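Asks: Let me begin by handing over the structure; questions about it come next.
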Amino acid sequence: MLLISASLARQIVSVSSPKPSGRASPHFIVVAPQASRYVCAVHLARLRLRDFRNYAKLDVDFTPGFHVLLGDNAQGKTNILESIYLLATLRSFRGVGGAQMIRHGQKGYFVGARAVSETEHTIRMFWSSAERQLTLDDQPVRRLTDYLGVLRTVVFCSEDLQLIKGTGRIRRRFMDLLLSQTHGAYLPLLQRYARALRSRNALLKQRAPDEQALDSFSQELARLGGGVLKLRHELVPRLSPLTRLAYRRISNDAEELRLEYAPSVQGDLAVELAKSRARERLFRSTLVGPHRDDLKLLLNDKSASQFGSEGQKRSIALALKMAQAEYLTGLAGAPPILLIDDVMGELDAKRRGGLLPLLERSHQARGQVFMTCTEETWPAELGRDLHRWTVQSGALRSGS
Ligand SMILES: Nc1ncnc2c1ncn2[C@@H]1O[C@H](COP(=O)(O)OP(=O)(O)OP(=O)(O)O)[C@@H](O)[C@H]1O
Ligand SMILES: [Mg+2]
């Protein structure tokens, strides 16, 4: 079994960062296809955890459909969603590294799964500070692009608010994850860009950087960065109408939500890199390129992060995630697995109502939804067809 290198594990975590930290379709379907036209959705048929967070050992089978994880605070509901998201993206939506997910006092965690659609896949992942293993169908995963489409998820969680309140890095990650999930070529491109950027920055830190070496890294950066810019340029105008529609559905605002890609360079990256050389000498770092891009969130053309109310920011966060799910559904022809962490209870009736069609479509397509709540935050609208699980002290019990 191949050990995936530390850098491979790190790449997915920090692909948009300069520091170490599907497949494209020519046609974009704005509205999700009708149930009859869905291809078979992937569902998580089995989840296995060993020494993951507060789970010493868990082996559980899930059917397609709705799964509600009920339990008091601090029992391990979010930890389940975190493990599913980890399987899909190789990172935690809580923004933490592998060490934090190892059960206290243990050396490593194991997360395993069986993902079923028309085909079936077995995933095994082991992580410790000394060793990382990732296998798909008993074969070591050598390229992340071979792996990332196997399980697609969208998570709705309280951290989503950082998409509006946080730095550009979080919004870059949002774009990067979506492009990695849908464009096979994107992640390798981004990884090579991040590597070239690290080398170039290391050179700039030297007292007298070798100008020739700097030039060759600039060329490399311009070439790779150009590819990243192009795909981000294509993504945002496709995502923007989906986000606007989602926002309309969940908010009472008359305001129009619009996304605008804000690249750090407007013209040619090679030219801009050359222009910024004097400032680079001062800051000893590469100052322009995709690693400095942002995604603008505009309400009636005004910055939502600066002028939006708390409620508006919350709605935008939800709309972005709904748009992400619609986008993935449009491209893959089947809905992703939805992971909804304790947010239904926080939503007012209007926002909840806006989210329900997405859940409904997932239901029609025999997709899968995992939703956590405590008894108090249980939304009455979800009364039908669902599987209830009780979560208590790191154990899952069917029924309640
Ligand atoms: N690495 C770890 N090792 C052991 N236990 C952990 C680890 N990380 C978190 N926990 C425990 O997991 C529990 C929290 O799990 P989780 O966040 O899933 O709770 P929850 O059921 O979602 O609660 P809430 O309703 O408050 O969101 C806590 O008891 C915490 O101490
Ligand atoms: Mg929780």
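Asks: What number does the chain give for Rg over Rh if you use C-alpha atoms and the Kirkwood radius?
Replies: 0.97
Asks: Further, regarding this structure: Can you list the aspartates and glutamates whose alpha carbon is less than 19 Å from that of Lys77, not counting same-chain residues fewer than 8 positions off?
Replies: Asp51, Asp59, Asp61, Glu159, Asp160, Asp341, Asp342, Glu346, Glu375, Glu376
Asks: In which sequence would Asp138, Asp72 go, from the one with the fewest C-beta neighbours within 10 Å to the one with the most?
Replies: Asp138, Asp72
Asks: Considering only DSSP beta bridges whose two residues both sit in the chain, what percent are antiparallel, to the nearest 5?
Replies: Beta bridges within the chain, antiparallel portion: roughly 70 percent.
Asks: Turning to a different aspect of this structure: Just rank Ser158, Ser117, fewest to most, by other beta-carbon atoms within 10 angstrom.
Replies: Final ranking by Cβ density, sparse to dense: Ser158, Ser117.
Asks: What's the magnitude of the charge dipole for the chain around its Cα centre, counting Lys and Arg as +1 and Asp and Glu as -1 at the beta-carbon? Answer in Debye, nearest 20.
Replies: 980
Asks: Given the -39500 (n - 2.57) contribution per DSSP H run of 4+ residues, what per-residue ellipticity at 222 nm results for the chain, rounded to the nearest 500 deg cm²/dmol?
Replies: Per the formula, -13000 deg cm²/dmol.
Asks: Under the Kirkwood approximation for Rh and a Cα-based Rg, what ratio Rg/Rh is obtained for the range 234-392?
Replies: 1.10
Asks: Taking θ as phi - 60°, what are the ³J(HN,Hα) couplings along the range 117-128 by the Karplus curve (6.51, -1.76, 1.60), each to the nearest whole Hz, with x for Gly and Pro?
Replies: Going residue by residue, I get 9, 5, 10, 9, 10, 10, 10, 9, 9, 10, 9, 9 Hz, with x marking Gly and Pro.
Asks: Which residues' amide hydrogens lie under 5 Å from the amide hydrogen of Gln392, considering only partners 5 or more residues apart or on another chain, with H built in the peptide plane?
Replies: Arg397
Asks: Going Cα to Cα from Lys302, which lysines come in below 17 Å? Please leave out same-chain ones fewer than 8 positions away.
Replies: The qualifying lysines are Lys165, Lys313.
Asks: Follow-up question, since we're still on this one. Using 0.36 nm times the number of residues separating Asn252 and Asp268, minus their current alpha carbon distance, what extension gain do you get?
Replies: Contour length minus Cα-Cα distance gives 1.6 nm.
Asks: For a footprinting-style exposure proxy, rank His233, His104, His387 by other Cβ within 10 Å, fewest first.
Replies: His104, His233, His387
Asks: A further question follows. Just the projected area, averaged over all directions, of the convex hull on the alpha carbon atoms of the range 194-313: how many nm²?
Replies: Computed as one quarter of the Cα hull surface, the answer is 8.8 nm².
Asks: Would you give the gap between the C-alpha center of the range 195-210 and the C-alpha center of the range 116-142, rounded to a whole Å?
Replies: Centre-to-centre distance over Cα atoms comes out at 35 Å.
Each reported figure results from applying straightforward, stated rules to the coordinates on display, with no laboratory input. As the structure is a prediction and not an experimental result, all values here were calculated from the model. Here the Cβ is made from the backbone with ideal geometry for all residues, glycine too, and neighbour counts use every protein chain on show.
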